[in-house]
């Protein structure tokens, strides 16, 4: 277990440097591209989406680190195969890495829905993560009937991503990974920002077909205000050139994990495309 967890720590160091990752707060992870309007737009998920093994590692790394994953009913509707189990060639290693962080159970999957339109038949209900559905007072009763014992339904006033993160912290979830689209995530960047760590996977393909480009994130001035970019790596992925950035807040830096006992070692794989 120690060897596999250490290999993940080395891979993380190769990608993000020696500055330790957050152990508390809100992490927003997103795969994006710079569109013609000058804004960063999320990439739509689908068979023709640009592929990146490193981006897939980053997504699963966030799931391995966190105490709760915040997603939305809209995400479930848009991604009929979405599950939150650790996946890919690093899955076993990331599971050991999670254990090394003292996390012996899967993260809680938190589904945010204002409409109550949650797909009842979806593989996410069987992915092994405990489920909490955050919704409005008016939708709570119907949702309890719909999901039964597959999830806890919690009505929340003034339902949005910021309030959802507050509720999760009140429930003892120290590190929250946000896997939500721009409509939901945008409110987290309203001042004062609620995002403690931002992990961007940026596809630099300027010829992406418009059908692969989703909604825009907040403009750069708002999204990066009060943040420090601690690392940027350019890697050649199967779909071309990608950049991987990590940003942290300068006004309230996140708690830091203890350094890896093998932190002085170096990865045994090459820099670009090594994951």
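Every read-out reported here was derived from the displayed coordinates using simple, explicitly stated rules and does not represent laboratory data. Just so it is clear, the model here is predicted, and its values are computed rather than measured. Cβ placement follows ideal geometry from the backbone for every residue including glycine, while neighbour counts extend to all protein chains displayed.
Packing-wise, with mean Cβ within 10 Å as the measure, how do 13-19, 36-42 rank, highest first? Show your work: numbers first, answer last.
Details: 13-19: 16.4, 36-42: 14.6.
Order by mean packing, descending: 13-19, 36-42.
How tilted is helix 53-65 with respect to the longest principal axis of the chain? Cα atoms for both, answer in degrees (0 to 90, nearest 10).
So the helix axis and the longest Cα principal axis differ by about 60 degrees.
So, how do all the Cα-to-Cα distances of the chain break down into 10 Å bins, in percent, from 0 on up?
Calculated over all Cα pairs of the chain, the distribution is 7, 29, 37, 22, 4, 0 percent.
Would you mind calculating the gained length between residue 171 and residue 127 on full extension (0.36 nm times residue separation, minus the Cα-Cα distance), in nm to one decimal? Intermediate results must be reported in sequence, preceding the final value.
On the way: separation 44, 0.36 × 44 = 15.84 nm, distance 2.17 nm.
Here the segment from residue 171 to residue 127 would lengthen by 13.7 nm.
Taking only the alpha-carbon positions of segment 113-156 and ignoring solvent, what does the Debye formula give for the base-10 log of I(q)/I(0) at q = 0.15, 0.29, 0.31 Å⁻¹?
Scattering profile of segment 113-156, log10 relative to I(0): -0.31, -1.11, -1.23.
Starting with the highest mean, order 212-218, 141-147 by the number of other Cβ atoms within 10 Å, averaged over the residues of each peptide.
Numbers: 212-218: 17.7, 141-147: 15.6.
In descending order of packing, they fall as 212-218, 141-147.
Kindly provide the Kirkwood hydrodynamic radius of segment 1-142 in Å, to one decimal, from all pairs of distinct alpha carbon atoms.
Working: mean 1/r = 0.0594 Å⁻¹.
It is 16.8 Å.
Report the antiparallel proportion of the DSSP beta bridges in segment 2-249 as a percent, rounded to a multiple of 5. Spell out each step's value before the answer.
Numbers: 22 of 49 bridges.
Expressed as a percentage, antiparallel bridges in segment 2-249 total about 45.
Over the chain, what relative contact order in percent results from Cα pairs under 8 Å that are six or more residues apart? Walk me through the numbers before you get to the answer.
Values: 522 pairs, mean separation 85.2, N = 275.
Computed over the chain, the figure is 31 percent.
May I ask you to order 111-117, 74-80 by the average number of other C-beta atoms within 10 Å around their residues, highest value first?
Values: 111-117: 18.1, 74-80: 16.0.
By packing density, highest mean first, the sequence is 111-117, 74-80.
Taking 0.36 nm per residue of sequence separation and subtracting the Cα-Cα distance, how much length would be gained by fully extending the chain between residue 45 and residue 18, in nm to one decimal? Spell out each step's value before the answer.
Details: separation 27, 0.36 × 27 = 9.72 nm, distance 3.10 nm.
Length gained, residue 45 through residue 18: 6.6 nm.
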